[in-house]
Each structure stands twice: as C-alpha cells, then as structure tokens.
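This report refers to the structure that appears directly beneath it.
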Amino acid sequence: MKLVSFATSQIPEPHLGIVRDNEVLDVDLAGRALQLDVPDQMLDLIESYERYQPALQVILSRAGSRRFSEVQAFSEVGAAHALSEVRLAAPIPRPRKNIFCLAVNYSEHAKETGNLREHQGQEPEIPVFFTKAPTSVNGPYGEIEIDPQVSSEIDWEVELGVIIGKKGKNISESDALSYVFGYTVINDVTARDLQKQHKQFFKGKSLDGSAPMGPWIITADEISDPHNLELRLRVNGETKQEGNTGSMIFNINQALAVLSRGMTLEPGDILATGTPSGVGFSRTPPQFLAPGDLMEAEVEGIGVLRNPIVQVGS
C-alpha cells in the first residue's frame, strides 16, 4: 500500500490518503462514504494498523469497482483527487521524536570522507547514530532554504528511510524487520560548516526543512528486499550519488537491534539508514547547493523527492 499525507484547497491541513494509480483517495472522506472506522492521520494509522488495514483494503477495492453507485459515492463526497492536483506533505508531517540516523554506513562513503573526519576512512565497528530535529522535516517537493548568514555549505545525502510499526525494546536481529511498518525516501540535507564548527552532527543536520521525506510510505509487504534497492541523487539533472542498500555496513536488522538495546522504539519512529558516496563536501573542489538548484533524491521501488533550493535572508 502507498500511503501519503496530503492537502487540498478544501482541506489545507495534511491528512491521510492512499495512492491508487494516479489518484489519491482521502481515507477519512472515503471511510465516511462507506461507513468505515478509519483514521485521518498517518501516525494514528501506524499505531493501529492491524485494526485499520481491513478498512483501507475495502476503500481500495471499492475505488477500483466498476459499479457506478460505488464510484459515485466517492465522487459525491470528494474522496478522490488527481495526484497532480494535491499537495503532498512529508508522510509523517511532524514526527513525535527526532529522526534517528546512521552515520558512515556505506564503505565508499567512509573512504571518501576519511581525510575529513576522525574515522580516517575506517568502517565503524558498531553503528554510529545521530538525530535530526522534528522541525527539520520537509515535504517531498518542498523548498530547501539557504540563509547565507547561517550556512554557506549545504550538502546532500540520499537515504532509505525506515518507519517503525510497533513498539519494541531489545529487538533481535532475526525479528527486526517484523517491526518495520514501511519505507520512504529521505534526503539528509546537511550544513557542513555547522557540522564542523559544533564538532557533532545535531546542529548541522537539524536546520528547518533539512529532511525532505516521501513522497509516500510504501508498506513493508510491498518491498521484497529492502537490502537491494538502488539509490540516486541528482542536482540539476547531474547524478551525484549512486549506490545500493546492499552496500550498507550495518543492515536494517543490525541497526534496529543495536538502536533498541535498552531503548524503546515506538510506532512512527523514523530511521535514516545512511548515504552512499558522492556527497558534495568530499569532492575536489567541494560542491555545495546554491539558490536555483533542483535536487532529486530517489530510492528504487519507492519514489523521487524533488526539492528546489531558494535563498532567504540577505
């Protein structure tokens, strides 16, 4: 299932939708038309997916029905929208917690940053975690703002995002994927100068809007192997990053097992799994984003983020 948070001119606040072909089904309005108990927000769905999943399947099946009466019911309540006519927000517009992120989780990325970081190109022996603030979340097509008074070194990092679906602590590697609700695309946009100045990741990773996410969540049952997905990032059409999730140093199972040791993971928690090589600051000479650029981050089987770069401030 392909799930979105979207807004329309009639309902300007992001709410839950299902993508079917080239249209978005408003879960709340469709549920009312069919007299079904359904949620209106993504986090509510994730927290009680087993409860709501049958109703979502009914909505999908009725939307695909050729019976005029059922199609008309959706039309009368405004439950179906062309995908091109809605505004997609991040699938989880405001996470309840910081986004968990894996640092240096691809070998080639470790090598390319070796002379710029303390790890000196060596692969970590255990997963290295940092977080991004909830206010960093941005939509799949939202603008990335550059304020020269804050940072002049804004960089890109395409990543596979993992959405936790159920509460868990001390999760075993063998059971880890059963805790995954679904997958999304994340771009870990980073202010490299702030990252260097503060000598840790949080500030440079948490500028407002620096975590574009989406365009949707693909439920885990539709991704047969999350460890064999191509990742790409383009700036103005030029490929900057290209890799495969099979090259992660610590796979999703290992990362979730370590992350959950003594720490409870909850439905709606988000893990960004690291980025392949090709980031801007490690290039010779370094490359950074500039106003007018268009950044596209893509994960195979999920979708593409398209974020224009704009300047604010003076």
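This structure gives Cα extents along the principal axes in Å, computed directly, and of (1) 67, 40, 34; (2) 64, 36, 34; (3) 65, 48, 28 that value is listed as (3). Net charge dipole, the range 99-311: roughly 560 debye, given to the nearest 20, about the Cα centre with Cβ charges of +1 for Lys and Arg and -1 for Asp and Glu.
Which residues in the range 176-197 have a backbone N closer than 18 Å to a point placed 7 Å from the Cα of residue 60 along the Cα-to-Cβ line? Backbone N within reach: 180-184. Given R₀ = 30 Å, FRET efficiency for residue 312-residue 77 by Cβ-Cβ distance, to 0.05? Calculated transfer efficiency: 0.15.
Over 22 Å between Cα atoms, which of 97/205; 169/199; 2/240; 111/240; 97/196 qualify? Table pairs above 22 Å Cα-Cα are 169/199; 2/240; 97/196. Using the Cβ-Cβ distance between residue 51 and residue 94 with R0 = 25 Å, the FRET efficiency computed as 1/(1 + (r/R0)^6) comes to roughly 0.65.
Note: relative contact order over the chain, using C-alpha pairs below 8 Å and six or more positions apart, is 23 percent.
Taking packing as the residue-averaged number of other Cβ atoms within 10 angstrom, the listed peptides 178-187, 198-207 run from highest to lowest as 178-187, 198-207. Using a cutoff of 8 angstrom between alpha carbon atoms and counting only pairs six or more residues apart, the relative contact order for the range 178-314 works out to 28 percent. Got a sec? Charge dipole of the range 99-311, +1 on Cβ for Lys and Arg, -1 for Asp and Glu; which of 137, 263, 217 is way out at the positive end? Result: 263. By definition, a body whose alpha carbon gyration tensor gives a ≥ b ≥ c is oblate when a/c is 1.5 or more and a/b is not larger than b/c, and the range 2-88 fits this oblate description.
Bear in mind these aren't lab numbers, they're just calculated from the coordinates by the rules spelled out. All values derive from a computational prediction rather than experimental measurement. Cβ sites come from the backbone with ideal geometry, for glycine too, and all protein chains shown count toward neighbours.
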